[in-house]
1. Please rank 382, 242, 77, 288, fewest neighbouring Cβ atoms within 10 Å first, as an exposure proxy.
2. Taking springs between alpha-carbon atoms closer than 10 angstrom, which of 110, 321, 156 fluctuates most in the Gaussian network model of the chain?
3. Given axes a ≥ b ≥ c from the Cα gyration tensor, I'd like to know whether the chain is rounded (a/c under 1.5), prolate (a/b larger than b/c) or oblate.
4. Given a cut-off of under 8 Å on Cα pairs at least six residues apart, what relative contact order in percent is computed for region 316-430?
5. Would you mind giving the average projected area, over all directions, of the Cα convex hull of region 176-308 in nm² with one decimal?
6. Just from its helices, what would the mean residue ellipticity at 222 nm be for the chain, if runs of 4 or more DSSP H residues each count -39500 (n - 2.57) and the sum is divided by every residue, rounded to the nearest 500 deg cm²/dmol?
7. Report, for the chain, the % of DSSP beta bridges that are antiparallel, rounded to 5.
8. I'm checking a number: the convex hull volume of the Cα atoms of region 18-105, normalised per residue, in Å³. What is it?
């Protein structure tokens with residue numbers, strides 16, 4: 001879907017291919033799976049409605065108008081419709097491309113465009129700059145300013161998205177990229193060597209999660225290489241319609257990791273894993289197909305990898321907890337990984353896994369959706385939290401930082417007792433020192 005030929009009222013650069021919008025049969029199988037259609041009941045806010053809008057633009061029957069732009073961004077890109085579609089229509093990916101079109105055809109005001117470009121093209125591609133930008137947040141917490149702000153309730157006077165964004169900030173620590181060894185040896189009988197893709201949000205906000213990921217891999221018999229030169233996977237850029245920067249980042253990461261002699265490239269971030277696996281399509285016109293295919297096959301989510309090679313359970317410590325599992329959209333729908341996290345959880349002695357209803361229903365995070373559409377995001381989150389509550393589990397497990405932030409915030413707001421843990425943290429509890 002990176003065509004350069006003029007297609008109706010789409011501009012030539014990064015336009016959806018006609019076949020991608022033509023193959024929708026309007027059968028409606030997608031409707032019950034779509035959170036935004038469930039909320040609004042609007043046909044245009046359903047997967048088939050959005051694809052119909054894109055088709056009308058591609059056929060020259062509709063200008064790329066404000067409604068098309070709004071629906072491109074109102075889509076959660078949860079990919080649940082893709083899982084349900086018998087024709088394989090990728091409505092979420094079409095909407096991602098329509099976001100790129102929106103910036104070409106309906107550009108932001110100058111100041112917003114400058115700010116957006118700084119974040120996407122300067123800050124996110126630079127690990128050093130990104131880490132430096134988090135220093136004020138760490139000082140905000142360590143100096144007690146956060147405690148004062150939260151207890152004064154002053155943010156209740158601000159727009160809802162600011163209050164929510166501040167409330168979602170987890171306890172901040174020094175970025176993991178600055179501390180993690182480039183080479184971490186296996187601590188049991190060696191089985192192989194893997195590379196570790198350390199995501200931006202993981203290093204900045206969930207350093208302990210990724211520290212446990214490496215520790216678990218070492219205990220499972222794998223040397224772990226974590227290249228310091230790796231950059232953002234490009235997922236935020238795809239979400240915000242900056243596909244060209246995605247290609248630049250993808251080319252860098254592809255060249256970096258393909259130089260390594262490893263059995264797999266492991267990630268503990270569902271969003272990163274999904275973006276990395278999409279390099280094959282994103283770079284299709286710029287890189288050798290066999291090289292891209294080889295790279296894609298090496299990308300493994302931590303649960304996917306461990307189950308594939310076989311989890312060594314001997315010596316694991318019992319973890320006597322009742323847990324339930326929320327499936328990140330970009331793990332279950334974008335990557336088709338559903339059984340593996342459950343198998344990894346159930347490999348831990350003492351664990352009881354209680355399935356929640358609608359475990360694969362979106363939590364309402366969806367990158368910046370939760371801040372752009374705070375009311376709608378809250379309604380989607382409330383549905384998820386109600387399902388969590390019914391399980392009466394001790395702990396909520398997930399495997400993506402965006403979900404982790406949204407769910408942890410929601411549980412605190414609802415005064416529910418469950419902590420949110422990443423699967424790697426749970427496996428880390430069972431892993432002996």
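1. Working: 382 14, 242 24, 77 27, 288 9.
Neighbour counts put them in this order, fewest first: 288, 382, 242, 77.
2. Among 110, 321, 156, the largest mean-square fluctuation in the Gaussian network model of the chain belongs to 110.
3. rounded
4. 32 percent
5. Values: hull surface 30.2 nm².
About 7.6 nm², averaged over all directions.
6. Numbers: 25 runs with 217 residues, N = 433.
The helix contribution divided over the chain gives -14000 deg cm²/dmol.
7. 15 percent
8. For region 18-105, the hull spanned by Cα atoms encloses 80 Å³ per residue.
Any read-out appearing in this document is the output of simple, stated calculations on the displayed coordinates, not a laboratory observation. Since this is a predicted model, take the numbers as computed values, not measurements. Ideal geometry is used to build each Cβ from the backbone, glycine not excepted, and the neighbour counts take in all protein chains shown.
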